[in-house]
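To start, the structure under review is shown below, and the notes come after it.
Bear in mind that the values in this text are calculations on the coordinates, not laboratory data. Please read these numbers as outputs of a predicted model, since none were measured by experiment. FYI the Cβ positions are ideal-geometry reconstructions off the backbone, even for glycines, and counts take in every protein chain you see.
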Amino acid sequence: MAYNMNKIDKLINELCPEGVEFKELWEVTAWDKRFNAVDNKKQKKILSFNHISSKDLKDLEAENGNIKLLATGKFDGWTTEELAGENLNEGEVISIPSGGSASIKYFKGKFVDSGNILASSINDEILNLKYCYYFLLIKNELIESCFRGAGVKHPNMTEILKIKIPLPPLPIQKEIVKILDNFTELEAELEAELEARKKQYGYYREELLTFGDEVEFKMIKELFDFKNGLNKGKEFFGKGTPIVNFTDVFKKRSLSLIDLNGKVEVTSKEKLLYGAQKNDIFFTRTSETKEDIGMVSALLDDVEGCVFSGFVLRARPKTNLLNPKFCSYYLTSFSARKEIIRNSTFTTRALISGPKLSKIKIPLPPLKEQTRIVKILDKFDALVNDISIGLPAELKARRKQYEYYREKLLTFKEKIKEE
């Protein structure tokens with residue numbers, strides 16, 4: 001890395017010791033849409049690409065495909081040229097979602113697009129498009145602030161096109177891309193290894209949580225009482241007593257005091273009605289997709305005055321037959337998730353209720369066996385999720401290093417224009 005940085009410094013000293021020219025984005029990029037509020041003089045060239053709906057894009061996904069499916073969000077899929085048909089595009093592009101949030105992507109080759117605004121370099125001798133992509137990544141927060149609207153947010157392209165980009169000579173741009181590509185490849189290798197470990201963990205989890213006729217099963221309603229959570233106006237949040245929120249339950253399978261960052265002002269009656277106590281199990285009761293409904297988490301600490309949000313359900317144990325972490329782990333197993341999803345409803349959003357969850361059955365191995373299983377799964381979970389150890393820690397460190405060098409490499413002194 002030091003050698004590459006030295007090479008960059010040497011190139012800068014040779015090619016642009018007095019600084020580099022900065023230009024607004026509209027001066028060096030062309031887009032595939034004419035923007036209403038942007039002066040036509042700033043869009044002399046309009047690109048042409050085909051676009052399809054998000055649903056149609058996902059329907060095209062095929063194993064062993066070599067055509068990129070370019071979506072606005074996290075979806076990462078491929079299709080075949082035959083399935084792509086007349087929707088096939090080819091080129092080198094940067095994409096910004098036409099609605100949602102600032103998920104900036106780069107691709108070069110054949111692709112099918114859904115919901116993006118696409119851009120290319122006007123002149124490859126002045127702007128390397130991948131260099132431009134890396135620069136826009138460090139401006140992500142600024143670009144995100146340009147997404148506005150009451151419902152689905154849309155980008156204010158007038159402001160985005162005003163972003164100034166430094167234009168060092170092309171050899172420097174290419175060297176920067178080479179360095180940052182190397183970082184991304186190393187990060188991708190770590191992510192692939194971590195993903196393989198997660199699959200391995202998933203396999204062992206299913207093995208440990210699969211039981212036969214030798215273990216008694218009981219319906220959830222025999223083991224828990226359900227309660228809907230607290231609904232309050234925005235003005236009550238930000239101070240007061242701890243609250244178990246939707247995101248707490250969605251992100252973690254078990255919760256301690258340090259995990260609860262939310263606060264809410266409540267009355268004594270509300271504390272009594274919506275209290276959360278040690279060994280309570282919580283379910284997310286609503287979601288945009290069925291796949292994310294009914295995520296579960298166990299509260300492992302006594303938290304004084306704690307309550308729970310109206311976006312989650314509380315299941316309070318009626319017996320001492322279940323280890324709360326065992327319960328949480330079991331309810332994230334493939335078979336349990338399948339039942340939770342099957343018992344949910346979906347109109348504009350997915351919903352799950354206490355009565356529906358009550359029908360699901362849970363195995364009751366001896367408490368000693370439950371504890372043994374929990375200890376094994378805790379170790380596996382730490383190996384793939386704990387950012388302080390192993391691969392997650394290495395990946396976190398690599399990302400920090402990448403972000404540091406990306407910022408350093410893409411920061412230039414602006415050349416003073418001669419009068």
Please find, in a Gaussian network model of the chain (springs between Cα atoms separated by less than 10 Å), the residue of V249, V152, V20 whose mean-square fluctuation is greatest.
-> V152
Label 7 Å along Cα→Cβ of S101; segment 135-154 residues with amide nitrogen under 11 Å?
-> 144
Please work out the Cα convex hull volume for segment 213-364 and give it in Å³ per residue.
-> 107
Measuring from the lowest to the highest alpha carbon on each principal axis, how far does segment 21-167 reach, largest first, in angstroms?
-> 45, 40, 27
Ranked from highest to lowest mean number of other Cβ atoms within 10 Å per residue, what is the order of the peptides 368-379, 160-171?
-> 160-171, 368-379
Could you list the trypsin sites (Lys or Arg not before Pro) in segment 47-78 that lie in coil according to DSSP, counting only those with at most 12 other Cβ atoms within 10 Å of their Cβ?
-> K74
Plugging the Cβ-Cβ distance of Q200 and K108 into 1/(1 + (r/R0)^6) at R0 = 30 Å yields, to the nearest 0.05, a FRET efficiency of 0.35
What residue among D56, D381, D32 shows peak mean-square fluctuation when the chain is described by a Gaussian network model with Cα springs under 10 Å?
-> D56
If you keep only loop residues by DSSP, which GluC sites (Glu not before Pro) in segment 30-83 have at most 16 other Cβ atoms within 10 Å of their Cβ?
-> E61, E63
Sorted by chain and then number, the residues having a modelled amide H within less than 5 Å of the amide H of L255, at least 5 places away or on another chain, are A298, L299, L300
Antiparallel content of DSSP bridges confined to the chain, in %, to 5 | 80
Go through (i) 93, 54, 44; (ii) 81, 50, 44; (iii) 74, 53, 40 and flag the label whose value is the computed Cα extents along the principal axes in Å for this structure.
-> (ii)
Take every Cα pair under 8 Å in the chain that's 6+ residues apart, average their separations, divide by the length, and report that relative contact order as a whole percent.
-> 15
Could you work out the helix-only [θ] at 222 nm for the chain, with each DSSP H run of four or more residues adding -39,500 (n - 2.57) and the total divided by the number of residues, to the nearest 500 deg cm²/dmol?
-> -11500 deg cm²/dmol
With the label point 7 Å along the Cα-to-beta-carbon line of K400 and a cut-off under 17 Å to each amide N, the hits in segment 169-194 are 187
Scan segment 305-337 for trypsin sites (Lys or Arg not before Pro) in coil per DSSP, keeping those whose Cβ has at most 14 other Cβ atoms within 10 Å, and list them by number.
-> K318
When only C-alpha pairs under 8 Å and at least 6 residues apart count, what is the relative contact order of segment 21-167, in percent?
-> 29
What FRET efficiency would be calculated for the residue pair S145, K338, taking the C-beta separation as r and a Förster radius of 45 Å, to the nearest 0.05?
-> 0.65
For segment 242-258, just list the computed ³J(HN,Hα) in residue order, Karplus coefficients 6.51, -1.76 and 1.60, θ = phi - 60°, integers in Hz, with x standing in for Gly and Pro.
-> x, 9, 7, 9, 3, 5, 4, 6, 5, 8, 10, 7, 9, 10, 10, 3, 5
